[in-house]
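Visitor: Please find one structure pasted underneath; my questions will follow.
The values are calculated or read from the model by the stated rules, or taken from the named source; none is laboratory data. If you're wondering where the values come from, they're calculated on a predicted model, not measured in any experiment. Quick reminder, even Gly has a Cβ in these numbers, built from the backbone with ideal geometry, and neighbours come from all protein chains shown.
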Amino acid sequence: MQAFFLLLALLLVSVGIVPIASAIETEGAGIDFDRYAPPQLNADPSIETIAVFEALSPRAEQRIADGRTEGGIPFGSIIVHAADGITRVFDEDGNQLLSINDEQSGKLPTPAGVEKSCTRLHQLPNDARVYHQGDQTFVLDAAGELILTVIDETAASGRTVAPLGWLGNDWIESAEDEPDADITEYTAYWKVPSGPPSGLEANERIYLFNIIRGTAGSKRYLLQPVVCYNGSTHQWEGQAWAACSPDLQDSYYGPLFDTAAGHTMRGRIYWSDDLNLWSITIYDHTTGQYSSLSTNCMQPQPGCLVACALEGWRIDDNDDVPGDTLFYDMEYRSYGTPMSISLEPWYSTEVPSEIVRYCQVEIIQNPSRVRLNTFNW
């Protein structure tokens, strides 16, 4: 396989230009994945199988206590999802560190509308690149160093080893379209709204995002710059997601940063034809914080869904949704050329009627300006 030289550049903010990894427009051909081939993996049957309750995320340091991988797993770790329902973690030399029961581990909601085992979730450093190659996934940091390998042996087994998590479509309201042409760039601005009047319970979540959703084989991928109101922290948070809706697949996301009502957010999803990568970035214009990652999970294709959306998790009534959200200056491009997009309102048939009856998708200027009304202020 032909090797390539990869140059990653961040665009720094000064006036109106944001540091977005999704704006990578540098040289690149193929990448030699043979150089990242895992070593011989040495399973250790003496290691006790545990449950974990936080994501398996690569970190510089790792601590294990009472079933918690505090501080994450070491850089260079190799995660193997086995057909027996056990996820095993090895260090970069192939020595086993952990044996984890998928079903008994904690489950977390994701903006993909599916709840996943912690063994299937991986938070990455900013500007990490996620390369899917068959049943293996290689994650490189911004400098091109391998920081995580994921091997999935479950697909061929046909056995469900992760928890059932597809809860239906948890979007509350959205403005959306499915253009006939390849969409390769979608940018949106919005103001973080007021938080839900109830403050939410610990297990409740609100997500706001712009999105490109497409498929690769039997998998459905969601590229999402997300702002989340977290019921456990009562805080607005920003995070870039490359999510996969089947519960048996892994999802990857960038660092989490705190934000607040009134902050101006920019969500950008961008395809680099040179690098064969999607980049997803959420940027807080008020503070300069951002979260980003890149992925080759799918190719640009006709019929991808584009939307700006409000999503809720385990919410009960209108006190659990935030204030109205205005998405504006939205732009859609196909290989640099502006696209013809016609957004249509969409409302959930599954979210409680006590919520949906207060919702109104107001398309102020199609397709650049949309307000998702909740009648909370």
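Visitor: Exactly one condition in (1) modelled with pLDDT under 95; (2) touching a strand residue (DSSP E or B) at 6+ places or on another chain (Cβ under 6 Å) is false for Phe90; which is it?
Guide: Among (1) modelled with pLDDT under 95; (2) touching a strand residue (DSSP E or B) at 6+ places or on another chain (Cβ under 6 Å), the lone unmet condition for Phe90 is (1).
Visitor: Among the residues of the stretch 237-254 satisfying the criterion of being touching a Gly at 6+ places or on another chain (Cβ under 7 Å) and at pLDDT 95 or above, which is surrounded by the most Cβ atoms within 10 Å (Cβ to Cβ)?
Guide: We begin by selecting, within the stretch 237-254, every residue touching a Gly at 6+ places or on another chain (Cβ under 7 Å); these are 239-240, 245, 247.
With the extra rule that they be at pLDDT 95 or above, the set shrinks to 239-240.
On the way: Gln239: 23, Ala240: 34.
Ranking the qualifying residues of the stretch 237-254, first place goes to Ala240.
Visitor: On to the next question. If we scan the stretch 363-377, do we find a residue that is in a loop (DSSP other than H, G, I, E, B), in contact with a helix residue (DSSP H, G or I) (Cβ under 8 Å, 6 or more places away or on another chain) and exposed (fewer than 15 other Cβ atoms within 10 Å of the Cβ)?
Guide: Yes - at least one qualifying residue is present in the stretch 363-377.
Visitor: Kindly indicate whether any position in the stretch 227-236 is outside the structural domain of Ala112 (by TED's automatic domain parsing), closer than 29 Å to Gly85 by Cα and in contact with a strand residue (DSSP E or B) (Cβ under 7 Å, 6 or more places away or on another chain).
Guide: No - not one qualifying residue is present in the stretch 227-236.
Visitor: Let me ask something additional. Within the stretch 265-277, identify whether any single residue is over 30 Å from Glu201 (Cα atoms), without any contact (Cβ under 8 Å) to a residue 40 or more places away in the chain and either out of contact with any helix residue (DSSP H, G or I) (no Cβ under 6 Å at 6 or more places or on another chain) or not in a loop (DSSP other than H, G, I, E, B) (or both), and answer yes or no.
Guide: Looking through the stretch 265-277, none of the residues is over 30 Å from Glu201 (Cα atoms), without any contact (Cβ under 8 Å) to a residue 40 or more places away in the chain and either out of contact with any helix residue (DSSP H, G or I) (no Cβ under 6 Å at 6 or more places or on another chain) or not in a loop (DSSP other than H, G, I, E, B) (or both).
Visitor: Now for a different question. I'm trying to understand the selection: among the residues of the stretch 324-349, which are in contact with a strand residue (DSSP E or B) (Cβ under 9 Å, 6 or more places away or on another chain), part of a loop (DSSP other than H, G, I, E, B) and at negative phi? Working first, answer last.
Guide: Step one: list which residues in the stretch 324-349 are in contact with a strand residue (DSSP E or B) (Cβ under 9 Å, 6 or more places away or on another chain), which gives 324-336, 338-348.
From what is left, the residues that are part of a loop (DSSP other than H, G, I, E, B) are 324, 335-336, 339-343, 348.
Within the stretch 324-349, Asp324, Met339, Ser340, Ile341, Ser342, Leu343, Ser348 qualify.
Visitor: Residues of the stretch 77-118 being touching a His at 6+ places or on another chain (Cβ under 9 Å) and within 21 Å of Gln40 (Cα to Cα), which ones?
Guide: First, the residues of the stretch 77-118 that are touching a His at 6+ places or on another chain (Cβ under 9 Å): 79, 87-88, 102.
Result: Ile79, Thr87, Arg88.
Visitor: Now for a different question. Pull out all pairs, ordered by first then second residue, where Cβ-Cβ is under 8 Å, the residues are six or more apart or on different chains, the first lies in the stretch 194-220 and is under 30 Å from Ser334 (Cβ atoms), and the second is surrounded by fewer than 14 Cβ atoms within 10 Å (Cβ to Cβ) and among the polar types (S, T, N, Q).
Guide: Here the result reads Gly214/Gln301; Thr215/Gln301; Ala216/Gln299, each pair linking the stretch 194-220 to a residue that is surrounded by fewer than 14 Cβ atoms within 10 Å (Cβ to Cβ) and among the polar types (S, T, N, Q).
Visitor: In addition: With respect to the numbered conditions (1) in the same structural domain as Thr110 (by TED's automatic domain parsing); (2) modelled with pLDDT under 70; (3) more than 22 Å from the chain's Cα centre (by Cα), which one is the sole condition not fulfilled by Pro45?
Guide: So the condition that Pro45 fails would be (2).
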